[in-house]
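For reference, the structure discussed in these notes is given below.
The values are calculated or read from the model by the stated rules, or taken from the named source; none is laboratory data. All values reported here derive from a predicted model rather than from experimental measurement. Using ideal geometry, Cβ is built from the backbone for each residue, glycine included, and neighbour counts are taken over all protein chains shown.
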Amino acid sequence: MRSRTAPGTMKVSPKRVPLSAYLGAVGMPGVTAYVGLFDIGAPKPGETVCVSAASGAVGSVVGQLAKLHGCHVVGIAGGKEKCDYVTGELGFDACVDYKANNLDADVRAATPKGVDVYFENVGGPALDAVLKRINPFARIPLCGLVSHTTRRRPTP
Ligand SMILES: NC(=O)c1ccc[n+]([C@@H]2O[C@H](COP(=O)([O-])OP(=O)(O)OC[C@H]3O[C@@H](n4cnc5c(N)ncnc54)[C@H](OP(=O)(O)O)[C@@H]3O)[C@@H](O)[C@H]2O)c1
């Protein structure tokens with residue numbers, strides 16, 4: 001007997017991908033990455049795509065999709081370990097460690113042809129640094145501004 005699902009829902013199956021993937025690449029983060037990158041970012045092969053929070057649920061998918069699409073892909077992440085994961089495991093072309101206190105120069109070095117698509121997840125200093133490298137007619141899918149939402153508010 002076929003199982004019934006409510007309208008707009010889908011029964012997930014572990015037969016094709018692990019159940020945990022439905023919380024990531026084939027779940028909401030993956031759909032967010034896909035729609036933001038292709039519907040808003042509209043990258044062309046050969047263009048430079050930069051993404052912040054590159055090792056996170058959304059950013060990791062954005063970069064892998066952009067790479068499959070033939071783009072030069074640059075991530076921004078916090079710390080050497082995360083950057084090594086982004087380039088070594090995820091296959092990005094470069095990753096800038098924003099915690100190394102050399103953000104402007106490191107973003108400039110990683111984006112010799114400027115930035116055509118900036119998929120924004122964090123805002124703050126990362127956004128400032130990438131805007132200095134942004135090309136004419138670039139697209140910026142604004143997915144999130146987590147550095148603003150996690151900022152501590154002064155207690156009244
Ligand atoms: N998950 C979804 O389905 C979904 C849907 C819609 C929108 N969004 C938005 O997309 C963005 C990323 O979501 P996610 O699920 O990929 O997040 P995530 O996996 O939880 O990753 C978030 C990453 O943001 C970075 N971060 C946090 N505070 C920061 C700060 N102050 N400055 C710079 N980087 C900071 C951290 O990476 P580092 O350690 O590298 O700094 C952290 O690991 C968020 O803004 C979220 O609101 C997500």
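Checking each residue in region 64-94 for being farther than 20 Å from Gly46 by Cβ and touching a Ser or Thr at 6+ places or on another chain (Cβ under 7 Å) picks out Ile76, Ala77, Lys82, Tyr85, Val86.
Among the conditions (1) without any contact (Cβ under 8 Å) to a residue 40 or more places away in the chain; (2) under 30 Å from Phe137 (Cα atoms); (3) not acidic (Asp, Glu), Ala42 misses just one, which is (1).
Are any of the residues in region 22-30 modelled with pLDDT under 95 and of a type in the set (Phe, Trp, Tyr)? The answer is yes; a qualifying residue exists.
Cβ separations smaller than 6 Å between residues 6+ apart or across chains give the following pairs from region 13-32 residues that are under 13 Å from Val58 (Cβ atoms) and part of a helix (DSSP H, G or I) to residues that are near the ligand (Cβ under 9 Å from one of its atoms) and not polar (S, T, N, Q): Pro29/Ala57; Pro29/Val58; Gly30/Val61; Thr32/Val58. Screening Tyr34, Tyr22 for residues that are within 13 Å of the chain's Cα centre (by Cα), more than 19 Å from Ala109 (Cβ to Cβ) and surrounded by fewer than 19 Cβ atoms within 10 Å (Cβ to Cβ) leaves exactly one candidate, Tyr34.
Residue under question is Lys67, and the condition is that it be assigned to a loop (DSSP other than H, G, I, E, B) and either of a type in the set (Phe, Trp, Tyr) or more than 16 Å from the ligand (Cβ to nearest atom) (or both); does it hold? For Lys67, the condition - assigned to a loop (DSSP other than H, G, I, E, B) and either of a type in the set (Phe, Trp, Tyr) or more than 16 Å from the ligand (Cβ to nearest atom) (or both) - is not met.
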